[in-house]
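Visitor: Below you'll find the structure I mean.
Every number in this text was worked out from the coordinates using simple rules, so none of it is lab data. Keep in mind the model is a prediction, meaning the values are calculated, not measured. Cβ coordinates were reconstructed from backbone atoms using ideal geometry, including for glycine residues, and neighbour counts include every protein chain displayed.
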Amino acid sequence: MRRNTSVKYYAAASLLLPLAAVFLWPEGIWPALVLLGWAALAAAVWIRSERKEHKERVSKLTESLQTSAIRTLNHHRHDWMNDLQVVYGYIRLKKLDKTVECVEKISARMAVESQISKLGVPSLISYIQSFRTFSNTLELQVVINGDVYLNELTAEADQIADTLIQTINAYRFEVKPDYSGTAVLKLELTLDQDALTAAFYYDGELMNEQQWKQKIQQQLDGAPLKPVSFEQSYAKVLLRADLRA
């Protein structure tokens, strides 16, 4: 990509030569003709380089998305294999009560995964489902009370999704590295008749609480989700989006 960028600027810079000829021989026709031809050639080189850059960007983005999807699938596959091994072990030991308990846990997790997939905003769904693949210091737990279809609730679904992602990131980037144990952030989404409530419950420590607060305030500025309360400092953040017409 850098090579294509250099070619573009070299092509543009090369126009200085015919331009100089036009200034040196203002009465001549041939310098103007050379300038026109050179400009057309430079434009063609520029457009070709732009297309190559765009193709490379799309290719890299596609590769990145595919890699992320593969990592996410591998994590889910690993989890399901572990669950199956546990269930199989209980069945072999004829511990039916433990088997039922394990299956109920799997069923509950599947229900949560189903609710997440119904949120209706691909960026938010992908972010939540792949969270474990890029975060080792923060565990994200999601609780959705009822079915929440953001894309059907409001035209500001993308902005709400972005606010949720940025709020989670505000915690993720401020997790104290030497915190004993794994920090846990629970996101609870609740839909009532005229509003969507997003509650964040954090169990852990932050490196810089003031910096965390600034990030939260910046990304809430002008966002459809508005702060309702900041209780117990960063331990609980309550946001609310009015969905009334």
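Visitor: For the pair residue 114 and residue 193, what calculated FRET efficiency results from E = 1/(1 + (r/R0)^6), where r is the Cβ-Cβ distance and R0 = 22 Å, to the nearest 0.05?
Guide: FRET efficiency, residue 193 to residue 114: 0.40.
Visitor: Which pairs, out of 55/226; 95/176; 118/226; 98/176; 118/176, put more than 29 Å between their alpha-carbon atoms?
Guide: Where the Cα-Cα span goes over 29 Å, the pairs concerned are 55/226; 95/176; 98/176; 118/176.
Visitor: Follow-up. Using alpha carbon centroids, what distance separates the range 65-143 and the range 165-213, in Å?
Guide: What the calculation gives is 21 Å, centre to centre.
Visitor: Nearest-5 percent of antiparallel DSSP beta bridges in the range 119-245?
Guide: 70
Visitor: What is the gain in length, in nm to one decimal, between residue 33 and residue 57 on full extension, counting 0.36 nm per residue of separation less the C-alpha to C-alpha distance?
Guide: 5.0 nm
Visitor: What is the pair-distance distribution P(r) of the range 119-245, computed from all Cα-Cα distances in 10 Å bins starting at 0, with each bin given as a whole percent?
Guide: Histogramming the range 119-245 at 10 Å steps yields 12, 47, 33, 7, 0 percent.
Visitor: Taking the Cβ of each residue in 47, 216 as the centre, tally the other Cβ atoms inside 10 Å and list the residues starting with the fewest.
Guide: So the ranking, lowest neighbour count to highest, is 47, 216.
Visitor: Same structure again: Of 161, 195, 111, which is farthest along the charge dipole of the range 98-245 in the positive direction, counting Lys and Arg as +1 and Asp and Glu as -1 at C-beta?
Guide: 111
Visitor: Tell me, 202, 88 in order of fewest to most beta-carbon neighbours within 10 Å?
Guide: 88, 202
Visitor: What residues qualify as long-range amide H neighbours of residue 143, i.e. H under 5 Å apart, gap of 5 or more or another chain, H built at 1.01 Å from N?
Guide: Amide H to amide H, under 5 Å and 5 or more residues apart or across chains, residue 143 pairs with 187, 188, 189.
Visitor: Now for a separate question. Around residue 161, what is the net charge, scoring Lys/Arg as +1 and Asp/Glu as -1 over all other residues with Cβ under 14 Å from its Cβ?
Guide: In short, -3.
Visitor: Average projected area of the Cα convex hull of the range 153-224, in nm²?
Guide: Averaged projected hull area, Cα only: 5.1 nm².
Visitor: Going by how many other Cβ atoms sit within 10 Å of their own, how do 221, 192 line up, fewest first?
Guide: In increasing order of surrounding Cβ atoms, one gets 221, 192.
Visitor: Around residue 141, with a cut-off of 15 angstrom between Cβ atoms, what is the net charge of the other residues, counting Lys and Arg +1 and Asp and Glu -1?
Guide: Charge balance near residue 141 sits at +1.
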